[in-house]
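> Quick one: this structure, given as structure tokens, is what I'll be asking you about.
The values are calculated or read from the model by the stated rules, or taken from the named source; none is laboratory data. Just so we're clear, the structure is a prediction, and the values are computed from it rather than from any experiment. Neighbour counts run over all protein chains shown; Cβ positions are idealised from the backbone, glycine included. The area values use the complete protein model at the heavy-atom level, side chains included, leaving out ligands, DNA and RNA. Shrake-Rupley method; radii C 1.70, N 1.55, O 1.52, S 1.80 Å.
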Amino acid sequence: MPWKETTAMEQKIEFITEWRSGQFAITELCRAFGISRTTAYKYINRFQEKGIEGLYELNRAPHVQPNKTPETIEQRIVAYRKQYP
């Protein structure tokens, strides 16, 4: 018999399904899925706000890069590199 392999998203959906069934307490579900109660409530809140889409991983890229080179300077650098390869 092959091992059962699941993705993180499948486990999140399974967690939400079990939670919605109402058969288990949050603490029991957390113990069974190996997550903290804080994480469980985070998934529940995201599911309630956005549905299944809320369970996908969020982009962790910074919104602002304060030390980023201005666009005009970037364009000049590119132009010089093309001019003097």
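> Hey, can you find the accessible area per residue of the chain for me, probe 1.4 Å, expressed in square angstrom? Kindly include the intermediate steps, with their values, before the conclusion.
Working: 7600 Å² over 85 residues.
Heavy-atom SASA per residue in the chain reads 89 Å².
> Something else now. Return the equivalent ellipsoid semi-axes of the range 36-85 as a descending list in whole Å, where each equals the square root of 5 times an eigenvalue of the C-alpha gyration tensor.
Details: eigenvalues 398, 26, 16 Å².
Sorted largest first and rounded, they come to 45, 11, 9 Å.
> Okay, moving on. Multiply the residue separation of LYS50 and GLU18 by 0.36 nm, subtract the distance between their alpha-carbon atoms, and state the gained length in nm to one decimal. Provide the component values of the computation, followed by the final result.
Numbers: separation 32, 0.36 × 32 = 11.52 nm, distance 1.81 nm.
Here the segment from LYS50 to GLU18 would lengthen by 9.7 nm.
> Quick one: what are the phi-derived ³J(HN,Hα) couplings along the range 16-21, Karplus 6.51/-1.76/1.60 with θ = phi - 60°, whole Hz, x for glycine and proline?
For the range 16-21, the Karplus-derived couplings read 4, 4, 5, 5, 5, 5 Hz, x marking Gly and Pro.
> A follow-up question, please. Calculate the FRET efficiency for THR7 and ARG37 from the Cβ-Cβ distance with a Förster distance of 22 Å, rounded to the nearest 0.05. Don't jump to the answer; show the numbers that get you there.
Details: r = 22 Å, r/R0 = 1.02.
Efficiency for this residue pair is about 0.45.
> Rank-order 57-66, 42-51 by packing density, defined as the average count of other C-beta atoms within 10 Å over each peptide's residues, highest first. Walk me through the numbers on the way to the answer.
Working: 57-66: 6.4, 42-51: 13.7.
The densest-packed peptide leads the list: 42-51, 57-66.
> Another question, then. Under 8 Å for C-alpha pairs, at least 6 residues apart: give me the relative contact order for the range 1-57, rounded to a whole percent. Don't skip to the answer; put the middle values down first.
Numbers: 30 pairs, mean separation 18.2, N = 57.
Relative contact order for the range 1-57 comes out at 32 percent.
> Hey, another quick one. Can you give the Kirkwood hydrodynamic radius for the chain, in Å, rounded to one decimal and based on Cα pairs? Kindly include the intermediate steps, with their values, before the conclusion.
Working: mean 1/r = 0.0598 Å⁻¹.
Averaging 1/r across every pair of different Cα atoms and inverting gives 16.7 Å.
> Which residue fluctuates the most in the chain, going by a Gaussian network model with Cα springs under 10 Å, if the choices are ILE16, ILE73, ILE35?
Of ILE16, ILE73, ILE35, the Gaussian network model singles out ILE73 as fluctuating most.
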